[in-house]
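First comes the structure, then the notes that go with it.
The values are calculated or read from the model by the stated rules, or taken from the named source; none is laboratory data. Keep in mind that this is a model prediction, so the values were computed, not measured. Ideal geometry is used to build each Cβ from the backbone, glycine not excepted, and the neighbour counts take in all protein chains shown. Accessible surface is based on the protein model in full, side chains and every heavy atom, while ligands, DNA and RNA are left aside. Shrake-Rupley method; radii C 1.70, N 1.55, O 1.52, S 1.80 Å.
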Amino acid sequence: MADKSAVKAAIGKYRWTICALLLFAMTINYLDRQVISYLKEFFCRSTDLGGFGWTNKEFSYLTSSFTGIYALMTVGAGRLIDKIGTKLGLAWSLVVWSVFGILNALAGSAIAVHVAIRSLFAAGEAGTFPASNRTVAEWFPKKERALAFGIVNSGTNLGAMIAALFVPWCMVFFGDQRGWKMAFVLTGAAGFVWLIFWFWFYETPKNQRRLSKVEYDYIHMDDVAAQSDDAQQGVPWARLFRYRQTWSFFFGKLFTDGIWWFYLFWLPDYLIKQFNTAPADVRWPTFTVYGIAIVGSVYGGSIPMTLINRGMEVYKARMTAMIMIALCPLALLFTQHFASTERYGTLALYFAVGIISIGAAAHQAWSANLFTTVSDMFPKKAVASITGIGTMAGGVGGVLLQLLVGSLRDRFKDAPHTAYFIMFVFCALAYVSAWAIMKALVPRYKLVTDL
């Protein structure tokens, strides 16, 4: 044990400082993104009661337009980041989404204006995952990447947790008419604080003076990682679709990303309608779901590292971890059974939150591993581009899911439990289906070496 500690000390840990920077960027990203889900009740409240009078389907237009533009822009964002690098790429991404996040406060009650501004906000946020995934590939050896990205990805939960407490507080403290505006302004402003630390602490490993030679060599211990840090030549975009590895990531994201959008934008509505709770009372249940999801993100990212350290090949370890994780959301099939207050009384809320927490934690564990399959199989110069392609696919899935849930909510307006039962069935089966397609496309590990 003493020898292992000495080795770790000799290697150094500056790479984890970079991981922390990405974690906070992701936290701010999802804090800004999550604001609208806690404003839904106000947006859909009748004008007689001071709200905007939107329908559920109109609200789904807002969430799906965000998701759709986000999906379209991730491809270009990934391509751009592979050309200009992660430092400038992530910085510009954050500036754009923060500015339009603040401008959302000026949208008034017109759905079209909200859609337009939120679409531009989405264009800024599109660079986050491509930049983060490439940064992890640049700064971590293969065996640590899923854990590192699991930590980064847990920022999606931290942001949602903060939003669960902060946005309802804004509505109470400032009042409804001013509170929704302040929620956009204050969350949007947080990004500019992060920029200071990003430019202070971040450089590529090759140019980072705070990085020791020992840690630099450790980061580049894998042959595929031993590329020039400043190789920004990129890869012709069309070539990437020739590879089954690209399509594996594409379908993994297409089938599962929309589920997280469903949790983010519709979980508060589910809790309000299923249990007849006030909007302010969903803070702690949603906070709990996202808090438990952090455990899934970090622990799920550590599973492949454990298997690799025991001698398992990287891709086999990754796919073994992912099928284990994919089985966990099957618990969602029983959500509505245990959410019945007629059967379980006041315990029904706790049972439902517990089951949804399993699904959310599994999603984050899945996501941490899914993203790192890209850097497992592609050279670093293509990582952001492939991530952009997959994130686009995930956004398309998210758009379809947003429109579906909005339509189901309006169709079963007097029986929202039926709409959500359908959604939970889809969420339960999506991961196993995605894993089967990925395994069929790439049955064995094959590194892409001809880009």
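Structure notes:
- One residue from ASN309, ASN276 being modelled with pLDDT under 90, more than 18 Å from the chain's Cα centre (by Cα), surrounded by fewer than 17 Cβ atoms within 10 Å (Cβ to Cβ) and over 30 Å from PHE42 (Cα atoms): ASN309
- Check on THR372, part of a helix (DSSP H, G or I), open to solvent by less than 10 Å² (accessible area, probe 1.4 Å), over 19 Å from TYR263 (Cβ atoms) and polar (S, T, N, Q): yes
- Qualifying residue in the range 92-102 (condition: more than 30 Å from ILE386 (Cβ to Cβ), in contact (Cβ under 8 Å) with a residue 40 or more places away in the chain and either part of a helix (DSSP H, G or I) or open to solvent by 50 Å² or more (accessible area, probe 1.4 Å) (or both)): yes
- ARG15 vs. criteria open to solvent by less than 60 Å² (accessible area, probe 1.4 Å), at pLDDT 85 or above and either among the basic types (Lys, Arg) or farther than 30 Å from TYR216 by Cβ (or both): yes
- Within the range 398-451, being open to solvent by less than 50 Å² (accessible area, probe 1.4 Å), closer than 30 Å to THR320 by Cα and outside any helix (DSSP H, G or I) holds for VAL442, VAL448, LEU451.
- LEU106 vs. criteria open to solvent by 30 Å² or more (accessible area, probe 1.4 Å) and either under 30 Å from ALA278 (Cβ atoms) or touching a Lys or Arg at 6+ places or on another chain (Cβ under 7 Å) (or both): yes
- Top-ranked residue in the range 123-143 [being crowded, with 24+ Cβ neighbours inside 10 Å and charged (D, E, K, R); ranked as farthest from ILE386 (Cα to Cα)]: GLU125
- Taken as a whole, the range 274-284 holds at least one residue that is of a type in the set (S, T, N, Q) and at positive phi.
- Looking only at residues of the range 240-266 that are modelled with pLDDT of 90 or more and among the aliphatic types (A, V, I, L, M), we find that the one that is farthest from ARG45 (Cα to Cα) is LEU254.
- Condition check for MET182: surrounded by fewer than 19 Cβ atoms within 10 Å (Cβ to Cβ), in contact with a Phe, Trp or Tyr (Cβ under 6 Å, 6 or more places away or on another chain) and part of a helix (DSSP H, G or I): yes
- If the condition is being open to solvent by less than 10 Å² (accessible area, probe 1.4 Å) and not in a helix (DSSP H, G or I), then the range 144-178 contributes only SER154.
- Candidate set: the range 326-361, residues that are assigned to a loop (DSSP other than H, G, I, E, B) and exposed (fewer than 14 other Cβ atoms within 10 Å of the Cβ); chosen: the one modelled with the highest pLDDT: GLY345
- Of all residues in the range 303-325, those being over 24 Å from PHE255 (Cβ atoms), in a helix (DSSP H, G or I) and not aliphatic (A, V, I, L, M) number 2.
- Residue list for the range 52-91, filter: modelled with pLDDT of 90 or more and over 23 Å from ALA393 (Cβ atoms): PHE52, GLY53, TRP54, LYS87, LEU88, ALA91
- Residue satisfying all of: in the range 279-306; more than 26 Å from ALA368 (Cα to Cα) and crowded, with 18+ Cβ neighbours inside 10 Å; modelled with the lowest pLDDT among these: PRO279
- Scanning the range 45-91 for residues that are among the aromatic types (Phe, Trp, Tyr), over 23 Å from the mean Cα position of the chain (by Cα) and open to solvent by 50 Å² or more (accessible area, probe 1.4 Å) yields a total of 0.
One line per residue, one yes/no per condition, for (1) among the aromatic types (Phe, Trp, Tyr); (2) closer than 30 Å to ASP82 by Cβ; (3) open to solvent by 20 Å² or more (accessible area, probe 1.4 Å); (4) at pLDDT 85 or above:
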site: MET377; (1), (2), (3), (4): no, yes, no, yes
site: LYS380; (1), (2), (3), (4): no, yes, no, no
site: GLY390; (1), (2), (3), (4): no, yes, no, yes
site: VAL396; (1), (2), (3), (4): no, yes, yes, yes
